[in-house]
Amino acid sequence: MLAALIALALQAAAPSSADAPQFRGEGQMKVFDMICGRVFPDEARIDSIMAKLPGARALTPTEIKDYLRDDPGHGWVIQAGTSNMGVTLEAPPVHACAVRMTNTDGVIDEGVWQQLIAAAQARAGGGFTTVPPRTIELGAIQSEVSGVQKQGADGAAEAIYLIRTMPKPARPPAQGGIEIRMVRQLVQARR
């Protein structure tokens, strides 16, 4: 059932041609909410859902390294119109679930994103603080990061981030140059 819902969300996720409405992230947000917000950290269930999802292909070791660098994990890619949607699971100690959409104009419906974050915070018991927006530059790439996080006295932490990554200079290129990544991270309590 969840795989069918995700397939419907993917249809809404695809950036379209120049004569159609611009990408606003609704489908990506639905996939993120279903997979990362509601099923994660149950990786076995996510693996089962993704195995049933039409068009989902497991990332190769080289592709997963492109996404996660030296961190362990696995993921999938799904064709979404003129773009690709990537779903990655990073293994602990920083356990993370991310949904990435490539080839976008970088714009999402911020009101819908704030509603999604508010619902996720409520499900997690509240106590989150806003992360001040920041820009990170690595070589020819610039990432704009915003989100919410909370940390427990035992060292456990949870965060939800929205990251827009683009080539520098930071002028939004024509449709197709910006990756939007939505991430939920969980850090286990210290032992």
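The values are calculated or read from the model by the stated rules, or taken from the named source; none is laboratory data. From a predicted model like this one, the values you see are computed outputs, not experimental measurements. Reconstructed Cβ throughout: ideal geometry from the backbone, glycine too, with neighbour counts over all protein chains shown. Remember, those area values only see protein heavy atoms, side chains included, never the ligands or the DNA or RNA. Shrake-Rupley method; radii C 1.70, N 1.55, O 1.52, S 1.80 Å.
Roughly how many percent of the accessible protein surface of region 37-121 is carbon and sulfur, given a 1.4 Å probe and a whole-percent answer? Write down the numbers at each step before the final one.
Working: 2180 of 3970 Å².
Carbon and sulfur together cover 55 percent of it.
Mean separation of Cα pairs under 8 Å and 6+ residues apart, divided by the residue count of region 107-191: what relative contact order is that in percent? Show your work: numbers first, answer last.
On the way: 133 pairs, mean separation 19.1, N = 85.
Relative contact order of region 107-191: 22 percent.
Give the cross-link partners of K65 among the aspartates and glutamates, using a straight C-alpha distance below 13 Å as the criterion and excluding same-chain residues fewer than 8 apart.
E90
About its Cα centre, what dipole magnitude does region 91-172 give when the only charges are +1 on Lys and Arg Cβ and -1 on Asp and Glu Cβ, stated in debye to the nearest 20?
120
What are the equivalent ellipsoid semi-axes of region 29-84, built from the alpha-carbon gyration tensor (square roots of five times its eigenvalues), in whole angstrom, biggest first?
Each semi-axis is the square root of five times an eigenvalue, giving 18, 16, 11 Å.
Could you check the simple spin-label distance between Q142 and E43, using points 7 Å along Cα→Cβ, in nm with one decimal?
3.5
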